[in-house]
Structure formats: structure tokens, C-alpha cells
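The values are calculated or read from the model by the stated rules, or taken from the named source; none is laboratory data. A quick note: this is a predicted structure, and the numbers were derived from the prediction, not measured. Note: ideal-geometry Cβ built from the backbone for every residue, glycine included; neighbour counts use all protein chains shown. Ligands, DNA and RNA are excluded from the accessible area calculation, which covers all protein heavy atoms including side chains. Shrake-Rupley method; radii C 1.70, N 1.55, O 1.52, S 1.80 Å.
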Amino acid sequence: MESNIKYTNEINLKKAIIDKLQQEYGRTIEDASLELIYKACALVVRDSLLSNMAATDKKDREDKIKKLYYLSMEFLIGRSLVNNALNLMQTDMFRNVLNDLGINIDEMLKKEPEPGLGNGGLGRLAACFMDSLTTLDLPAVGCGIRYEYGLFKQGIKNGMQTEEPDFWLDSGNIWEIERSEEKIEVKIGGTIESHWEDGKLLVKHVNPKIISAIPYDIPVSGYDTNRVNYMRLWKARSPGVMDMEAFNQGEYINAIAEKERDELISKVLYPEDNNLHGKLLRLKQEYFLSSATVQWIIKDFKLNYGNNLFDIPNKVTIHINDTHPTLAIPELMRILMDEEGFGWDDAWGIVTRTFAYTNHTVMSEALVKWPVYLFQPLLPRIFSIVMEINQRLMEKLNRAYPGDRKKLEYMAIIAHDQINMANLCLVTSFAVNGVSALHTRILVEDIFADYARLDSGKFHSITNGITFRRWLHNSNRALSNLISSRIGTDWLKDSTQLSKLKAYADDPEFRWLFAEIKQENKNKLASYIKENHGIEVDVHSMFDVQAKRLHEYKRQLLNALHILYLYNRLIEDPNRPFTPRTFIFAAKAAPGYTRAKNIIRLINAIAELVNKDPRINNMIKVIFLENYSVSIAEMLIPATDLSEQISTAGKEASGTGNMKFMLNGALTIGSLDGANVEIYEQVGADNIYIFGLRSDEVESRYEYNSDEVQRIYTSDTALHQVLEQLISGPLLDIVPDGFKDIYQSLLFGDYGMPDPYMVIRDFRAYVEMQDKISNDFKDTELWWYKAILNTASAGFFSSDRTIKDYNDKIWHLEASKWS
Ligand code: 26Q
């Protein structure tokens, strides 16, 4: 089959855009606003996407090959126009045409609303995976929720974070296709009634509340392929006010209010990552996604592959992105037993060969457990299935570890009236994986060790990756072009080719060009900072960037304390040689995470202190960029000299920002944590700055206790000074109450364990490494040599490689495209 729309030349494309403007919006190009021009361009691109999508779907149905369903509560996709235009047209045709029409492309592109349907790493990973799956011609659907409000918009007022709702759908979403005719009914609440008939337990769900799930499909294009996969995002709609009895009692208003409450399910993304317990609405969201998706999968299976449901594991893999969509597992049990008439053992046989699970965190507060008192009334049938799974598990474990109560409780799915979602995944998935080598080791040797001993074969390590199309080719086109001018364009599809660039690290001309591009990117960022924050930065200073969610374990605090330390040194001795630095932070804190918000306040207070002090003579500038998002990352990362990846060792499962910075030629200062370990292995010890405790040392706390904290605090006078400045001195002119909470946590801890994230412990090592970096930055030839080696060594971190790993180890999908 041929795609019916192809823009083979610029004249064609230009005409298509002009026609769209007239036919859809009744405007000529001269009279159209940038927003309309954006919409017309997007519609033109959409036309060819959709015809490719139809052809892909037809081909997949005919071929009856295996399909992946990637279930995720988050897809942090960012803007789509540039990405889709690139994928469909290959060349810069799109840019040329718009230039020709006299359109300010960068301004026009900003008119695209940005879907912020994720918190951070986990959601962005899902988006990179969709890009790579499609580029590799693998049949896959990303299933999620169509939140009306994405992650909140962050502002900074008086140095403090403010939150505003992000109503991103305000002016419509060109990329989505509503398919109301394919709606699914999700049932919650009610009671269950069961009786035995012919040796089978028949279960009836009585008086459930019905919520419709309406699918919205968003096409996903790939690089250099005609395949178009899609994401299916569900919206909750109450089927209508149907409770006539309530009506008769004059409960009209309440009935409408209840309808509104049901539709809340797809209203808003929860802004907590790595922590949140016992929120009923979140549980409803998780079941809503799981139930709608699995019901649809079964329907679609019957349509395409026939009625033999025993064949499901051969044709379908359902991947669970962290435990959030775990309820898909008991939901499939429910459908097979209650709706399709399977007995337990047959249903179990199918289910346990269908699901795979990725863990993204070892933080205990993020391992979600649901209290039975919330769970059971909301999902009575699902609860009874989970009980049964647990019962059978406990019988088995009791035989294996008789009397070992502690172990049995730890491994149980239900214990202490809580449902442990991770254990449910471990028991029922045929594959489990961590997201970096170190993280997987910690899972297998520590937090999931008991399960790993039972069945080590199902544990895999699959290191995360990022799509080079978005994170280099589209966001740093100048660098992409420079690379292609030397090694060709194959690296865009075969990331291992990037290593050919290593040879150019020795080439002075290449180094010069590489440095020029970085400078240009820094200039652009500096203009953005000037325009949006009114601060002038030295474009020749080192741009030292930490951009990621705000979390104590990520240790933005360590970075902040280092700035204070440098400030003190400069005040003491203004004539001492100093490498000028611009410290840039970008980070959202969960709205309920007080300490994280205090850290933002501290960073802004330090910025105010340092930026305005004439004695510092512009040697240091501190910038807190508001509202970190995919589009800010796309501008910030290409402009970075030094990437801060300084989490407490053992806590960051992988990190993916670290890879984006490396790819764009930044050097890393990092702890041996998550994927930093593998970055270190790829780039070599000379080209990365590693400091601090290793994860095994953190784990054993390395004789680290209150006495040791006190010893460091008293013996390291510079650190002592910095710590005291949290509660006295010039910062209190800015924030009169100071930062007692932070001070307290560092020196005394929250539960008697001081310095829980080893900020004090690692401070000296960090400062010394930073000094070395300041020195190295002055040797520009050497710096650019190292920077080039970072880009050249990043090939391993392509999400194409990650997806190939998943496919080889877990999914076993066949590549297929339609022409
Ligand atoms: C859980 C329950 C209730 C509400 C929210 C949540 C929730 C939401 C988001 C829990 C966790 C998250 C997000 C976690 C996350 O982003 N983890 C990151 O995943 C990346 C991709 O694997 C890793 O690179 C990061 O190391 C990891 O922190």
C-alpha cells in the first residue's frame, strides 16, 4: 500500500499549508495569526500521519503478529510538530517552506500546547520508548490517561514555588482522535454475589457504578519508517444521570454533582513522584486505566486473532510501567473467569505468561501499598481475586519457609491490611527488570532478593535510554549537522556509529566547531534568561546545570551548599583565581513536599545574595529557571558545560537526564549511582568527575552516625561556616526565619538519623572535585576533547538500544512495516 499523501517537494507542501489555512480557518497566510499557522501546519502533518496510521493498523491486523501494550500512568511527550515533521519529511523541507513564507518558526512552534502528562523520568522514558518502538518498526500501543490537567505550572514568587493548574487542552489538541464509538465501561463499587454451579464459582458484580472510558488516540511517528504506532489515552465520562430514583426524590443537583465527581478520574495528574499514599482518587485512576485497557485488549484480541484466549500470551505482552497499572493483572483474571468462563488454573496460566514489570525506584516510600479499607469497597471483585492469589502464594511460601514469619510477611501480597503492589507484580509477571545495572543489582540482592532466589531467571537488567532524534537532532540541530558532516547520518538510526566521532576529539578544527556550537547554544539560553528573569549572565562562564525533580535524594542541597562555600571564599579573598560559573537550577517540587520547597527557597535566597553582591564581581551567578518542562530541557541541555548528577549513591534508579547532557557534550560531575556507573564505564575515568561514597558504603552507612556527623561539622571549618549560614548571617536578611528545617535535618535528622542523604558526608569530596573541574575548564583544548568524547561515547544510551534489549530479553516482537 502507498501512503496517499506525500509532500515530495516544497511547492506541494507550501500549497498544502495555505490550503489548510483557507479551508479549515478561512484565513489567508497574510492574515493568519501564528497560532492558526501552527494549527494549519499541524493539520497538514497530521493528514499524512493518519493515513500512515491507518495503513499500519490494517497491516498489523492482517499479519496477526504479536503486539505490545505499554501501560503507563504517565507519557511526558512534549511538543510534537517538529518531531513529526522531521519523521515524515526527512529533510529540512518543512523549515525551508516556512522560512519562505516569512514565518518566525521558533515563535510559531511555541504556539503548540505542551502536554505535560508526566512528572519526570518515568513519564519521559515512556515517551522515548514510543519513539524507539516505532522507529524500530515494532507493533506497540502506549496506554495511559488523558489528563485534562498535566503537571502544575510552577512559578517563583518571593523565592518560593507557586503552583498553577496546567489546562493544556484549552485551545484543543490537534494530534488526538476521539473515538467515542469505542468506549469501554469500567465498573467500580457495588458488591459481589457468588454461587457454585456445575463445579464452577459464578461471580456477579451487583450494583456497580459504571464509568465510561473514551479512548483518544495520538499517532506516534518514527524516524525513517512508514510505521505509525499510537498512544491510546482514556478519558472518564459518566454515562449520564441515570439514577431515576434520586431524581424522583428531588436529588437532581446531587446527581449532577456525582456525575462530575466520576469524571474527576481523568482530570488531573498527581504531582507526587516517589511518594504518595492512600489517595482514593489515585487508586480509581490506576484501576480506570487498567480495566479500560485490558477490556479493550481482549475485545481487540477476539476481533483479530479469534476466540482462543489460550493464545493470548503468544500474541500480547502487557508491560507495566512501575506498579501503577498493576491492577491490569487481577483485571485480566477477572475477565477470563467471570466473563469468559475460565477456571482459576487456566486463567492463571494465561495471566502469568502475559505481564512484564519494570521497577523504577528503590525508595521505600515509593513502593506503593494500598490499605484494604480503601481497596475492598472500591474494587470488591478485584480484591477477592487478589486475596485468592495471596492465599495460594502463602501456601506455597509456607512450605518453602515454614515458620519464617518475617520473610512471609515481607513477601506477602497482603499483610498488615495493606496490599503490596510490587509483590503482586513479582508473583504474576513472567519478567521483571531494573533500569540500570546497579539498580538491578540492588533489586536482586536486596529489596527483591527473596523473590529473586525463588526465580532468578525472570529478573533482567535493562539500562534506560533516550531518543537521539529528540534529544540531539531536533533540539541541537547545529551539533547534529556537525556530527553528520563527519560520520554521515547513520548514527540517527544506529547509535553505535557515534563512536566514530572519537577520532575527531584530536582534531583541532573539529574541537573549535564543537565549541562554537556550544557557545551559540549558551548565548541563546542567556537571552532567554535575560528576557524571562531579567538577569545578565556571563556567556563565557561555565554553565553548571542541575535540572530534575526536586528531591532530597537528588541532593540539590549539596549543590547549593557548594555555591555558598564558593561565595565565602570569594568574599574572603577576592583576588584568588576563580573560574566564573553560572549555576542553573530547574526543578519542580511536589506541592506537599515541604522540605523540597524549602530547598527551592534556599536556592533562590542564595541567588539573591550572590547575584547582587558587588564584591562577587559577576564571578558567580545563580539562576533558578521556572517551570522545568520538556521544552525548557530542549533549550537548556544543549547549552550546558557541566551536568550535575549527584544523588546519594544507591537511590537514583537510573537517571536519564544524565544521558541527555552527555550526548550534548556536557561533562558530568556525579556519584556512582544509577546509570552514572555505566556512563563512567563508557566514557572512561578521565572524562567524568566521580566523587563521594559508593552505594555499598552508603548502605552500610560506613560507620556514619551522629558522632561522625559532629566530627565533620566541627573539623571542616568551611563546611561549618556554610551550615551556620542556614540559620544566621546574610541569608537571614533575605529570609528572616532562615532555614532551620534544613539545618535540623542535616545535623540531627528526622528520626534520629542525621544527614540521611549524606550531604555532609560527601561535601568535602564534592568540593574538591569541583575545584578540579574549575581548573580543567581553563584548559579549553582539553575540555573540548573530553566533551567530544562524551558525545562520542553516548551511543549505548540510545533508547533504540534499550528497546532492542527489551525485545530480545522479554517481548520477542517481530519488526514489521507496511512498505
Ligand atoms: C505513585 C503513587 C501515587 C502517586 C504517584 C506515584 C508515583 C508517580 C510517579 C510514583 C513514582 C513516579 C515516578 C517515578 C520516576 O520518575 N522514577 C524515575 O524513573 C526514571 C526512569 O526509569 C529513572 O531514570 C529515575 O532514576 C527514577 O527516579
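Some points to look at:
- Dividing the mean sequence gap of close Cα pairs (under 8 Å, 6+ apart) by how many residues segment 1-152 holds gives a relative contact order of 30 percent.
- Restraint check, Lys66/Lys284; Lys493/Lys817; Lys67/Lys493; Lys209/Lys302; Lys530/Lys621, Cα-Cα greater than 18 Å: Lys66/Lys284; Lys67/Lys493; Lys209/Lys302
- A simple packing score, the average count of other Cβ atoms within 10 Å per residue, orders the peptides 358-366, 322-330 as 322-330, 358-366, with the highest score first.
- All lysines inside 18 Å of Lys500 as judged from Cα atoms, apart from same-chain residues fewer than 8 positions distant: Lys786
- Packing, taken as the mean count of other beta carbons within 10 Å per residue, orders the peptides 25-38, 123-136 from highest to lowest as 123-136, 25-38.
- Over segment 545-699: Rg over Rh, Cα atoms, Kirkwood Rh: 0.96
- Helix-derived mean residue ellipticity, 222 nm - over the chain, DSSP H n ≥ 4, -39500 (n - 2.57), to 500: -14000 deg cm²/dmol
- Segment Glu699-Arg399, extension gain: residue separation times 0.36 nm, minus the distance between their alpha carbons: 104.8 nm
- Paramagnetic label zone (point 7 Å from Cα along Cα-to-C-beta, Phe578; backbone N under 14 Å) in segment 617-649: 617-622
- Under conditions of 25 °C and 0.890 mPa s, the chain yields 87 µm² s⁻¹ as its translational diffusion coefficient, taking Rh as the Kirkwood radius over Cα pairs in the Stokes-Einstein equation.
- Distance between segment 674-750 and segment 115-144 - C-alpha centres, whole angstrom: 35
- For segment 109-137, no residue has its backbone nitrogen under 14 Å from a point 7 Å from the Cα of Phe167, taken along Cα to Cβ.
- Our summary gives segment 82-201 a relative contact order of 16 percent, counting only alpha carbon pairs under 8 angstrom and 6 or more residues apart.
- Ranking by accessible area, most exposed first, for His540, His473 with a 1.4 Å probe: His540, His473
- Relative contact order (%) - criterion: Cα under 8 Å, at least six apart; region: the chain: 14
- Packing rank of 214-224, 193-203, where each peptide gets the mean count of other beta carbons within 10 Å, highest leading: 214-224, 193-203
- Ranking Ala653, Gly729, Leu309 by Cα position along the charge dipole of the chain, where only Lys, Arg, Asp and Glu carry charges on their C-beta atoms, puts Leu309 farthest toward the positive end.
- The stretch between Lys772 and Asp455, if pulled fully straight at 0.36 nm per residue, gains 109.5 nm over its current Cα-Cα span.
- Beta bridges per DSSP with both ends in the chain, % antiparallel, nearest 5: 45
- Relative frequency of Cα-Cα separations exceeding 20 Å in segment 61-175, percent: 57
- Volume per residue of the C-alpha convex hull in segment 660-819, rounded to whole Å³: 214
- Between Asn307 and Asp224, the contour length at 0.36 nm per residue exceeds the alpha carbon distance by 26.3 nm.
- Equivalent-ellipsoid semi-axes for segment 295-422 (Cα gyration tensor, √(5λ), whole Å, largest first): 27, 17, 15.
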